[in-house]
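Quick note: the coordinates plus some simple rules give every number you see, no bench work behind them. Model, not experiment: these values are computed from the prediction. No Cβ is skipped: glycine too gets one built from the backbone with ideal geometry, and neighbour counts run over all protein chains shown.
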Amino acid sequence: MLAKRIIPCLDIKDSRTVKGVNFVDLVDAGDPVELARYYSENGADELVFLDITATKEGRRAFAKLADDISRNINIPFTVGGGIKTIEDVDILLKSGADKVSINSYAVKNPNFINELAMNFGSQCVVVAIDAKYVDNDWFVFLVGGRVKTNIKLFEWAKEVEERGAGEILFTSMDHDGTKNGFACHVLEKLSKVVNIPIIASGGAGKIEHFYDVFKSGNIDAALAASVFHFNEIGLNNLKIELKNNNIPIRL
Amino acid sequence: MKIAIIDYGAGNTQSVKYALKRLGCNGVLTSEKEVISSADKIIFPGVGHASSAMNKLKSKGLDLLIPELKQPVLGICLGMQLMCSFSDEGKTDCLKIFDCNVKRFNNSLKVPQIGWNTVFDLRANLFHSIIENEYMYLVHSYYVPIIIDTIAKSNYGINYSSAIKKNNFTGVQFHPEKSGSKGEVILKNFINN
């Protein structure tokens, strides 16, 4: 049986791991390669690295970092942040990344999703969607949740699937950083709208939250950052608890 | 020992190279026929689309070389699928080493299947010291049905082949290079057997 995945997410700035609370107030949480190795040896099913560096030099360093990570870990990983060209993706995949995650740029240039799927296959194209509930509906937000669009979440999700995305990484801006649990209701609906795997992100604070998100909807993976980086939830503990509660989990 | 990793521009060959390195082996990324033919073991990786991958093999003349190889060959993911007769993906004629057609998962399932699934009914030395129902990492939309050459199965809606073997050719649908320490055992078994 296919297992539910637990995915620690590492935000990378200038080759260091940082975690923002509500996407601001960055706190240094360590060396990404060391952290990646620690997670891969302690039960992470996959890792996501988000590059939040703005400079060109930083981007080049990020490709080198992907190569370093690939040398050092034996589980799959996704990289995202600032990806805008086929060449960006090519170099990251050649450095050993398994998937790339695109967000704002896909909203501005939806054809980019088709291009990536055509060039590299849907299996490596993750479309990240940040959304927030405003004016009685869920809307897509850009630039790390700062800029609202008029695009409705469910319509966009359907569109990215049709354009060839292989997976959706969904973050509820209303839940991210709160540690009050994942956005189970909207995730449940999202899983009915699309037929590709969904990674839930934003809101993890306790073990029960992971249980809730896997129980309530047809969600394939759950992602979290600071609860893992600051060891508020131990990966192994989490996975044992979930398995004991009949969630299919790889131990 | 010389291990050639066939590099034909499809997929993530670097990960396979690094995985071998962690096991203390040097794999050579190559598309040169002479280097491939003279290697002791050959790894045939691949991710992406079947028809574009076949075109890339053809442009390098590798479609004729691979079926003729006499050394142990390990096809990974798309590499395994390309060793079959035909793939529904792009209606593609493949290498015809295994007599079977590659099919697409039913649309009632989430496609692609992404993640860790169990392998069972394990046969062959490739799975030496791997227990039944061990988890391996898979990413795919198409699958090889159960055939006479099946040496491991997985279930996603239906049972399908997660590994096949015929003479010197072995194929695995999962990614041993991304399947943690258990995946490393599989690679080690391929290298040492």
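Brief remarks on what is shown
- Karplus (6.51, -1.76, 1.60) ³J(HN,Hα), θ = phi - 60°, over the stretch B:107-115, in Hz, Gly and Pro reported as x: 5, 6, 9, 6, 10, x, 6, 10, x
- Unit charges on C-beta of K, R, D, E only; dipole of chain B, Debye: 180 debye
- Taking every DSSP helix (H) stretch of at least 4 residues in chain B, weighting each as -39,500 (n - 2.57) and dividing the sum by the residue count yields a mean residue ellipticity at 222 nm of -6500 deg cm²/dmol.
- Likely footprinting exposure, A:59, A:5, fewest C-beta neighbours within 10 Å first: A:59, A:5
- Both radii come from the Cα set of chain A: Rg as radius of gyration, Rh as Kirkwood radius; their ratio Rg/Rh reads 0.93.
- Cα lying deepest toward the dipole's positive end in chain B, options B:26, B:159, B:174, charges on Cβ: B:26
- Cα gyration tensor, chain B - rounded (a/c under 1.5), prolate or oblate: oblate
- Two tests apply to each whole DSSP H helix in chain B, Cα reach of 27 Å or more along its axis and mean Kyte-Doolittle hydropathy of at least -1.0, and none passes both.
- Mean Cα-pair separation over length for chain B, i.e. relative contact order, pairs under 8 Å, 6 or more apart, %: 18 percent
- About the centre of its Cα atoms, chain A shows a dipole size close to 100 debye [charges on the beta carbon of Lys, Arg (+1) and Asp, Glu (-1) only; nearest 20 debye].
- Fewest-first sequence of B:135, A:211 by Cβ atoms within 10 Å of each Cβ: A:211, B:135
- The protein assembly as shown: antiparallel DSSP beta bridges as a percent of all, rounded to 5: 45 percent
- Volume in Å³ per residue [convex hull over Cα atoms, computed for the stretch A:97-222]: 101 Å³
- Of the GluC sites (Glu not before Pro) in the stretch B:10-93, the ones in a loop by DSSP (not H, G, I, E or B) with at most 14 other beta carbons within 10 Å are B:32.
- For chain B, the share of DSSP beta bridges that are antiparallel, to the nearest 5, is 60%.
- Residue order, fewest to most surrounding Cβ atoms within 10 angstrom, among A:101, B:85: B:85, A:101
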